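Participant: My structure is below; once you've seen it, I'll send some questions.
The values are calculated or read from the model by the stated rules, or taken from the named source; none is laboratory data. Since the structure is predicted, the reported quantities are computational estimates derived from the model, not experimental observations. All Cβ positions, even for glycine, are placed from backbone atoms using ideal geometry, and neighbour counts span all protein chains on display.
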Amino acid sequence: MTIPGGSAVRMEIVPNPSSLIFLQELFECRNTAFLRPRLVSAAAGTYQWWHFTVATPNTLNLLENYTVIHQVGGMLPFLDGHAEYRKADKLRAGDFGLTPATDDWTAPFGNSYTRSF
């Protein structure tokens, strides 16, 4: 598997793959895949942007841009291979293997996080 930032990790070091989301969708179609959370510093092991907000509402009239196009939620695939629907405002940084794990949409998207495993 590849963790945020593109470095390979053996699955056995991931403590609970059934609780770790590895992919979410952007509210609009792009010709680019964005690796999120974004690795900010490999040396420090810091990440940002597990969620992303804008100052003015997008075409869905929302400030949040990830996992919002299906009734303000989405189908999220997990590392163990299962997928489930979640409302986007229920997502937390910890769902992506980041600490502090309890940050939600109210946290600035530019906050720094570290990997939890």
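Participant: When you go through Leu63, Leu91, Leu79 one by one, which is the residue that is in contact with a strand residue (DSSP E or B) (Cβ under 7 Å, 6 or more places away or on another chain) and either at pLDDT 90 or above or farther than 18 Å from Ser116 by Cβ (or both)? First the steps, then the outcome.
Facilitator: Working: Leu91 fails: in contact with a strand residue (DSSP E or B) (Cβ under 7 Å, 6 or more places away or on another chain); Leu79 fails: in contact with a strand residue (DSSP E or B) (Cβ under 7 Å, 6 or more places away or on another chain).
Of Leu63, Leu91, Leu79, the one residue that is in contact with a strand residue (DSSP E or B) (Cβ under 7 Å, 6 or more places away or on another chain) and either at pLDDT 90 or above or farther than 18 Å from Ser116 by Cβ (or both) is Leu63.
Participant: Of Thr53, Thr46, Thr99, which residue is in contact with a Leu (Cβ under 7 Å, 6 or more places away or on another chain) and surrounded by 13 or more Cβ atoms within 10 Å (Cβ to Cβ)? Write out each step before concluding.
Facilitator: Working: Thr46 fails: in contact with a Leu (Cβ under 7 Å, 6 or more places away or on another chain); Thr99 fails: in contact with a Leu (Cβ under 7 Å, 6 or more places away or on another chain).
Residue meeting the stated conditions: Thr53.
Participant: Can you confirm whether region 23-43 contains a residue that is surrounded by fewer than 11 Cβ atoms within 10 Å (Cβ to Cβ), within 20 Å of Arg115 (Cβ to Cβ) and touching a residue at least 24 places away in the same chain (Cβ under 8 Å)?
Facilitator: Yes, region 23-43 has at least one match.
Participant: Which pairs do you get when a residue that is modelled with pLDDT under 65, found in region 1-21, comes within reach of a residue that is hydroxyl-bearing (Ser, Thr, Tyr) and surrounded by 10 or more Cβ atoms within 10 Å (Cβ to Cβ), reach meaning Cβ atoms under 8 angstrom, with the pair 6+ apart or on two chains?
Facilitator: Pro4/Tyr47; Gly5/Tyr47; Ala8/Thr2
Participant: Might you let me know whether region 87-94 holds any residue that is surrounded by fewer than 13 Cβ atoms within 10 Å (Cβ to Cβ) and free of Cβ contacts under 8 Å to residues at least 40 places away in the same chain? Please lay out each step first, then the result.
Facilitator: Just the residues of region 87-94 that are surrounded by fewer than 13 Cβ atoms within 10 Å (Cβ to Cβ), to begin with: 90.
Add one more test, that the residue is free of Cβ contacts under 8 Å to residues at least 40 places away in the same chain, and what stays is 90.
The answer is yes; a qualifying residue exists.
Participant: Counting only residues that are of a type in the set (A, V, I, L, M, F, W, C) and farther than 21 Å from Asp104 by Cβ, which one in region 26-67 is nearest to the chain's Cα centre (by Cα)? Lay out the reasoning, then the answer.
Facilitator: First pass over region 26-67, keeping only residues of a type in the set (A, V, I, L, M, F, W, C): 26-27, 29, 33-35, 39-40, 42-44, 49-50, 52, 54-55, 60, 62-63.
This time we only want the ones that are farther than 21 Å from Asp104 by Cβ, so: 29, 33, 35, 39, 42-44.
Values: Cys29: 17, Ala33: 13, Leu35: 9, Leu39: 12, Ala42: 18, Ala43: 21, Ala44: 19 Å.
In this case the residue turns out to be Leu35.
Participant: Go through (1) in contact with a strand residue (DSSP E or B) (Cβ under 9 Å, 6 or more places away or on another chain); (2) of a type outside the set (S, T, N, Q); (3) part of a loop (DSSP other than H, G, I, E, B); (4) modelled with pLDDT under 95 for Leu39 and report which single condition fails.
Facilitator: For Leu39, the exception is condition (3).
Participant: If you don't mind, another one. In region 44-60, which residues are among the aliphatic types (A, V, I, L, M) and closer than 15 Å to Thr114 by Cα?
Facilitator: Here is the first cut: in region 44-60, the ones among the aliphatic types (A, V, I, L, M) are 44, 54-55, 60.
Correct list: Ala44 only.
Participant: Which residue is nearest to Leu39 (Cα to Cα), if the candidates are limited to region 50-70 and must be touching a Lys or Arg at 6+ places or on another chain (Cβ under 8 Å) and part of a loop (DSSP other than H, G, I, E, B)? Before you say what the answer is, go through the steps one by one.
Facilitator: Taking region 50-70 as the starting set, the residues that turn out to be touching a Lys or Arg at 6+ places or on another chain (Cβ under 8 Å) are 50, 52, 66-67.
When the remaining residues are screened for being part of a loop (DSSP other than H, G, I, E, B), the result is 50, 52, 67.
Numbers: Trp50: 10, Phe52: 15, Thr67: 20 Å.
Applying the filter and picking the extreme gives Trp50.
Participant: Of the numbered conditions (1) part of a loop (DSSP other than H, G, I, E, B); (2) free of Cβ contacts under 8 Å to residues at least 40 places away in the same chain; (3) within 20 Å of Cys29 (Cβ to Cβ), Gly81 satisfies every one except a single condition; which is it?
Facilitator: (3)
Participant: If you don't mind, there's one more thing I want to ask. Of all residues in region 63-86, count the ones that are surrounded by 16 or more Cβ atoms within 10 Å (Cβ to Cβ) and of a type in the set (A, V, I, L, M).
Facilitator: 4
Participant: Restricting to region 86-110, give me the number of residues that are among the aliphatic types (A, V, I, L, M) and farther than 13 Å from Leu20 by Cβ. Reasoning before the result, please.
Facilitator: Initially, region 86-110 is screened for residues among the aliphatic types (A, V, I, L, M), giving 88, 91, 93, 98, 101, 107.
From what is left, the residues that are farther than 13 Å from Leu20 by Cβ are 88, 107.
Within region 86-110, residues that are among the aliphatic types (A, V, I, L, M) and farther than 13 Å from Leu20 by Cβ number 2.
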